[in-house]
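Chemist: Below is one structure. I have some questions about it.
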Amino acid sequence: MAKRPKPGKCVHCLSDPVERDWDHVFPRSWYPDETPLNLAKWQIPSCIVCNRKYDKIESDFLSRVGLALDPDHPASRSVVQTALRSMKPSAGRDVRDSSMRLARGRKILAEMLQGAEIPLQATIPGMSERWGRALDEQVAVLVPAQSLELITKKIVRGIFYIEDGIFIEPPFVIDFFVLPEEDTGVWTQSLDQFGKIYARPPGLFVRRAVVPEDNTSSIFEVVFWQQFRTYASVTNSSSEQRD
């Protein structure tokens with residue numbers, strides 16, 4: 001097991017100096033069983049508080065989105081099983097863990113929407129009905145938009161730290177986007193022409209195009225389990241204010 005990083009700056013909250021631990025950019029439990037055994041799993045230095053915060057967010061997110069992934073797709077088959085186990089009391093390590101799994105499952109089930117209750121305009125592109133069922137037979141899982149945003153921004157910070165040793169800090173800011181396919185043309189064209197791919201296949205594929213003038217302003221496309229994607233930009237907020 002890798003030693004903890006020395007005290008220093010947290011890649012997330014930028015506190016410095018703080019006690020740090022390694023935070024997985026793509027959580028270990030999110031890697032499909034089909035992931036090559038020799039594939040290095042990206043890690044970044046995070047303060048203990050941020051590490052715990054993201055652990056909770058990612059655990060809840062996987063339990064929810066895992067129920068909506070394709071159970072037969074190689075990139076998500078085992079991830080769906082992981083999500084189901086996270087709500088299975090018999091999979092608990094002890095009584096407390098079993099109770100937490102039961103409570104998580106009940107909460108997610110209670111929040112599910114069915115039929116006409118489903119706000120189709122709020123469905124994550126790529127995660128709409130894939131089995132051809134009539135609307136009144138469909139069931140939707142609520143996935144917090146803020147969680148998807150925080151996870152996307154974490155991946156952006158992780159790529160910059162791993163690739164360039166850079167912390168995203170003021171005046172640079174990260175903006176998050178979920179776009180319908182018909183609105184991704186400009187992003188796709190730029191990424192096709194200038195983008196570089198960073199991948200932890202088959203679960204995560206990231207494309208990044210960086211503006212050479214400052215080596216930080218950039219756009220990102222993040223593809224999760226080959227089924228849905230998010231976008232992000234890194235911009236210099238002080239430049240925008242001057243404009």
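Chemist: So which residues in the stretch 1-43 are more than 26 Å from residue 80 (Cα to Cα) and among the β-branched types (Val, Ile, Thr), if there are any at all? Give the derivation first.
Modeler: Step one: of the stretch 1-43, the residues more than 26 Å from residue 80 (Cα to Cα) are 1-21.
If the condition is that a residue be more than 26 Å from residue 80 (Cα to Cα) and among the β-branched types (Val, Ile, Thr), then 11, 18 are the ones that fit.
Chemist: Right, something else. State which residue pairs qualify: first residue without any contact (Cβ under 8 Å) to a residue 24 or more places away in the chain and more than 18 Å from residue 32 (Cα to Cα) and inside the stretch 82-101, second residue in a helix (DSSP H, G or I) and hydrophobic (A, V, I, L, M, F, W, C) in any location, beta carbons under 6 Å apart, and separation of 6 or more residues or different chains.
Modeler: Within 6 Å, the pairs are 89/102.
Chemist: Please find, within the stretch 72-95, the residue that is farthest from residue 224 (Cα to Cα) out of those that are in a loop (DSSP other than H, G, I, E, B) and of a type in the set (D, E, K, R).
Modeler: Applying the filter and picking the extreme gives 94.
Chemist: Can you tell me which of (1) within 19 Å of residue 202 (Cβ to Cβ); (2) surrounded by fewer than 15 Cβ atoms within 10 Å (Cβ to Cβ) is the one residue 78 doesn't meet?
Modeler: (2) is the only condition that residue 78 fails.
Chemist: Just to be sure before I move on: is residue 198 within 13 Å of residue 156 (Cα to Cα), touching a residue at least 40 places away in the same chain (Cβ under 8 Å), of a type in the set (Phe, Trp, Tyr) and surrounded by 14 or more Cβ atoms within 10 Å (Cβ to Cβ) in the structure I sent?
Modeler: No: the conditions fail for residue 198.
Chemist: Which residue, of 119, 144, is in contact with a Phe, Trp or Tyr (Cβ under 9 Å, 6 or more places away or on another chain) and exposed (fewer than 15 other Cβ atoms within 10 Å of the Cβ)?
Modeler: Result of the check over 119, 144: 144.
Chemist: Further question on the same structure: Which of (1) within 18 Å of residue 25 (Cβ to Cβ); (2) touching a Leu at 6+ places or on another chain (Cβ under 9 Å); (3) not small (Gly, Ala, Ser) is the odd one out, the single condition residue 210 does not satisfy?
Modeler: Failed condition: (2).
The numbers here are math on the coordinates, done by the rules we state, and not lab data. Predicted model only: the values in this text are computed from it and were never measured. Counting neighbours? That spans all protein chains shown, and the Cβs are built from the backbone with ideal geometry, glycine included.
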